[in-house]
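Undergrad: One structure, pasted below without further comment.
The values are calculated or read from the model by the stated rules, or taken from the named source; none is laboratory data. A quick note: this is a predicted structure, and the numbers were derived from the prediction, not measured. Glycine also receives a Cβ, built like all others from the backbone with ideal geometry; neighbour counts cover every protein chain displayed. Ligands, DNA and RNA are excluded from the accessible area calculation, which covers all protein heavy atoms including side chains. Shrake-Rupley method; radii C 1.70, N 1.55, O 1.52, S 1.80 Å.
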Amino acid sequence: PSTRQKNSATHDCSRPAARTHTDDHRTTPPQATMGDCKIEFFVSLATSSQKVKKDITALERLLDAKGAKYETIDVSTDRAELERMWKQTGDPPKKTLPQLHVNGEYKGTYDDMQALEEVGEFEALIGGANKA
């Protein structure tokens, strides 16, 4: 089964909405957008790395704190999504998880997003992409 659900609707990013967890460990947001952004959060729920587990939790909390609507995509169970993620990161593909992609573009890992948050630029990245 696919580890991702598509939702083409846009959403007012100023109103947080609850996410639901399905039996196959997908996290399905009511809207996977913030403003005009489509935010994809690539993870591996099968990782044994403590750093990756902590980074997944920390980036999820950061996104939730900002009221972001995002799609969590578990690449450990879907080879097509893993290959799509790699393709979006460029050549050579970046394989570090978790990864954040906005509007189909690789934006970085948890460490990159935390650095942006520390200088006050994270919210602009997830809320300001693709706006005129």
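Undergrad: Could you tell me whether any residue of the range 50-72 is surrounded by fewer than 15 Cβ atoms within 10 Å (Cβ to Cβ) and touching a residue at least 60 places away in the same chain (Cβ under 8 Å)?
TA: no
Undergrad: Select from the range 38-49 the residues that are open to solvent by 50 Å² or more (accessible area, probe 1.4 Å) and more than 20 Å from I126 (Cβ to Cβ) and list them in ascending order.
TA: Hits for the range 38-49 are L45, A46, S48.
Undergrad: Further question on the same structure: Which numbered condition trips up T77, out of (1) farther than 16 Å from L125 by Cα; (2) free of Cβ contacts under 8 Å to residues at least 12 places away in the same chain?
TA: Looking at each condition in turn, T77 falls short on (2).
Undergrad: Let me ask something else. Of all residues in the range 64-119, count the ones that are assigned to a loop (DSSP other than H, G, I, E, B), more than 15 Å from K38 (Cα to Cα) and under 11 Å from the mean Cα position of the chain (by Cα).
TA: Of the residues in that region, 2 qualify.
Undergrad: Let me ask something else. Which residues, taken from the range 101-125, are of a type in the set (V, I, T) and either in contact (Cβ under 8 Å) with a residue 12 or more places away in the chain or in contact with a Ser or Thr (Cβ under 7 Å, 6 or more places away or on another chain) (or both)?
TA: V102, T109
Undergrad: Just to be sure, is K69 touching a Pro at 6+ places or on another chain (Cβ under 8 Å), more than 23 Å from G127 (Cα to Cα), at pLDDT 50 or above and of a type in the set (D, E, K, R)?
TA: no
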